[in-house]
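**Q** Following this message is one structure expressed as structure tokens.
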Amino acid sequence: MGGEIVWALGLMSGTSLDGIDAALIRTDGNTMSDIGAWLTLPFDDRLRTRIRESVYMRGDLAKIEQDMTLAHVDAVKALLKKAGLKARDVRVVGFHGQTIAHRPQEGITWQMGNGALLAEKTGIDVVCDLRRHDVAAGGQGAPLVPLYHAALVRHMELPVVVLNLGGIANITWVGRSENTGDDIMALDIMACDTGPGNVLLNEWALRHTGDSIDRDGKLALAGKPDKEVLTFYLSDSFFSLSPPKSLDRNYFTLDAVEKLSPQDGAATLTAFTAAAIESAQYFFPIPAKHWYVSGGGRHNPALMRAIAERLTDVRPVETLGWHGDAIEAQAFAYLAVRSIKRLPLTLPTTTGANRAVTGGAFYAAQV
């Protein structure tokens, strides 16, 4: 499998609400040719607050969507300048948008973002709304990054796991099938959300410190996990479900830790994320040789320590020469190329869809 190799630009604003990751890659939609520049553009405090309100269906959603999209326009222009590229050099933008509702069991997933506006303001074709077709086909619509993870690890000693510590944590298990061709579709791939990544901890830190993250894990490292609360969280039926499975950011709440000190609450939520990740490994066909961690949570030493205590050979993706804050944005660039080539974005083993599913809404830039 091959084809034209193009520059693609990916945009990701996740459930952590910290800002926009933008990244450039060169790909034919199957193999990777080059990893380009990337950057993170933080949301300003006012926009972050308004987006957080939109998750609870409060505020002027249309205006929030417009302003959030224009922030993505700024990210595209900043990245092109950093990379020394023009809009005409980039074939397509993969625009994830901001998830404000994800209830696949009801056939609902909603990523806020105006693809037409992004295409108009950047002068680049845009693929967005990448989850909805999968959900229509009976899938979870998440996680969406596994095929990109597979493209990155396909030449490694398998099986391995790529763990994304975003607002919601997700894993991709990649193994070697009998077909050892270069097409990523020949690999064995399993994926799922494991539970909260940073989302609960971020909300807790914001409430108690005014900072939107538990910076350097200071709160958690100063506290102790509450075993009773941890047991309560882990008793949820979600953890007994076989993959594929996914979570809405609001599925778990802070109610169970309300009576704990700021420090013990942070320690408990950190332990919860780690224990939830550990529970996912029991569904693997074969144990993973290595775990490679991307996403914002890998910057939290308390969280990384908690995960390493429960699993073997846990490493940040920087040990592979990857940019851990850029992986998801790169993935949406990759998926955008697959979308315009009508290649699958998801598999039954990654989302539970009834078949391999392509998807995405396409908006052409006006020339």
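The values are calculated or read from the model by the stated rules, or taken from the named source; none is laboratory data. The model shown is predicted, which means the values in this text are computed figures rather than measured ones. In this analysis, Cβ positions are derived from the backbone assuming ideal geometry, glycine residues included, and neighbour counts consider all displayed protein chains. To get the accessible areas, we keep the full protein, side chains included, count just its heavy atoms, and leave off ligands, DNA and RNA. Shrake-Rupley method; radii C 1.70, N 1.55, O 1.52, S 1.80 Å.
**Q** Filter the range 233-251 down to residues that are assigned to a loop (DSSP other than H, G, I, E, B) and within 23 Å of P301 (Cα to Cα), then give me how many there are.
**A** 1
**Q** With respect to E228, determine if the residue is among the acidic types (D, E), surrounded by fewer than 21 Cβ atoms within 10 Å (Cβ to Cβ), part of a helix (DSSP H, G or I) and without any contact (Cβ under 8 Å) to a residue 24 or more places away in the chain.
**A** yes
**Q** Further, regarding this structure: Can you give me the number of residues within the range 32-51 that are open to solvent by 40 Å² or more (accessible area, probe 1.4 Å), touching a residue at least 12 places away in the same chain (Cβ under 8 Å) and part of a helix (DSSP H, G or I)?
**A** Matching residues across the range 32-51 total 1.
**Q** Name every residue in the range 132-151 that is within 19 Å of A23 (Cβ to Cβ) and either part of a helix (DSSP H, G or I) or not β-branched (V, I, T) (or both), in order of residue number.
**A** P143, L144, P146, L147, Y148, H149, A150, A151
**Q** Taking the residues in the range 289-310 that are modelled with pLDDT of 95 or more and assigned to a loop (DSSP other than H, G, I, E, B) as candidates, determine which candidate is farthest from V161 (Cα to Cα).
**A** N300
**Q** Which of the residues spanning the range 320-358 are of a type outside the set (S, T, N, Q), over 16 Å from A8 (Cβ atoms) and open to solvent by less than 50 Å² (accessible area, probe 1.4 Å)?
**A** W322, G324, D325, P344, L347, G352, A353, A356, V357, listed by residue number.
**Q** Return the residues of the range 17-31 that are touching a residue at least 24 places away in the same chain (Cβ under 8 Å) and either surrounded by fewer than 22 Cβ atoms within 10 Å (Cβ to Cβ) or on the phi > 0 side of the Ramachandran plot (or both); say none if nothing qualifies.
**A** Passing the criteria: L17, D18, G19, D28, G29, N30, T31.
**Q** A further question follows. Examine the range 244-258 for a residue that is more than 30 Å from V135 (Cβ to Cβ) and either in contact with a Pro (Cβ under 9 Å, 6 or more places away or on another chain) or surrounded by fewer than 20 Cβ atoms within 10 Å (Cβ to Cβ) (or both), and state whether such a residue exists.
**A** yes
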